[in-house]
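Notes to accompany the following structure.
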Amino acid sequence: SQQGEEDPQALSIQEGENATMNCSYKTSINNLQWYRQNSGRGLVHLILIRSNEREKHSGRLRVTLDTSKKSSSLLITASRAADTASYFCATAPWAGSYQLTFGKGTKLSVIP
Amino acid sequence: DSGVTQTPKHLITATGQRVTLRCSPRSGDLSVYWYQQSLDQGLQFLIQYYNGEERAKGNILERFSAQQFPDLHSELNLSSLELGDSALYFCASSPGAEAFFGQGTRLTVV
């Protein structure tokens, strides 16, 4: 069953703009991860945020986690055409587990 | 390149048939996870193996089974295939800190 629900389902922006995607989940988690998938290819791990963390940065990515609201957001700053992909959040029930529960994903299109 | 190799990349087969999907994890990774991605169900965890032993089961049908061999490669066996089994099947391996996904096997059941 799907735990994470991303919002919006699709997002189209101009190159250089920021993209924000949101994710909500239902049960308690150890960590939340974001993945990128290009055109039905393999998933690429972007960032992991633990349940005791509130914000994390990696390059142009910024992730926030609000465990009281069971939600997370992924911000991609200064987007590029190469960022065009589907983005998924996934939750892990305990540390070191990759029995991940994925959301349905946000399809991001960055227009050059 | 994630270092996780899946074969074949594409597979087309008829209903009722049986297929085997293969996964070679990254060197040294003991855990292998299998996932199914379909249009209606999204990405779902199927099963995990750790060093040859089944560690966890998710939404895996009884018609599906998996195993992990002494060399740590894993196979996912799908039998009595139905049209609804058409999907992208991923395996992932993990050393603990993050998971590395293969490029997937696209299964089409006709």
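Per-residue shielding of A:39-49, expressed as the average number of other chain Cβ atoms within 10 Å of the residue Cβ, stands at 5. Straight-line reach from A:LYS69: taking Cα to Cα under 30 Å and skipping same-chain neighbours fewer than 8 places apart, the lysines in range are A:LYS26, A:LYS56, A:LYS104, A:LYS107, B:LYS57.
When 1/r is averaged over all different Cα pairs and the result inverted, which Kirkwood radius in Å belongs to chain A? For chain A, the Kirkwood estimate is 13.8 Å.
At an R0 of 30 angstrom, the distance between the Cβ atoms of A:THR77 and B:LEU39 translates into a FRET efficiency of 0.45. Interface area, chains A and B: about 1600 Å² of buried accessible surface, summed, with a 1.4 Å probe and ligands, DNA and RNA left out. Once the convex hull of all Cα atoms in the protein assembly as shown is built, its volume per residue stands at 116 Å³.
The values are calculated or read from the model by the stated rules, or taken from the named source; none is laboratory data. If you're wondering where the values come from, they're calculated on a predicted model, not measured in any experiment. With ideal geometry, Cβ positions are generated from the backbone for all residues, glycine too; neighbour counts draw on all protein chains shown. Accessible surface is based on the protein model in full, side chains and every heavy atom, while ligands, DNA and RNA are left aside. Shrake-Rupley method; radii C 1.70, N 1.55, O 1.52, S 1.80 Å.
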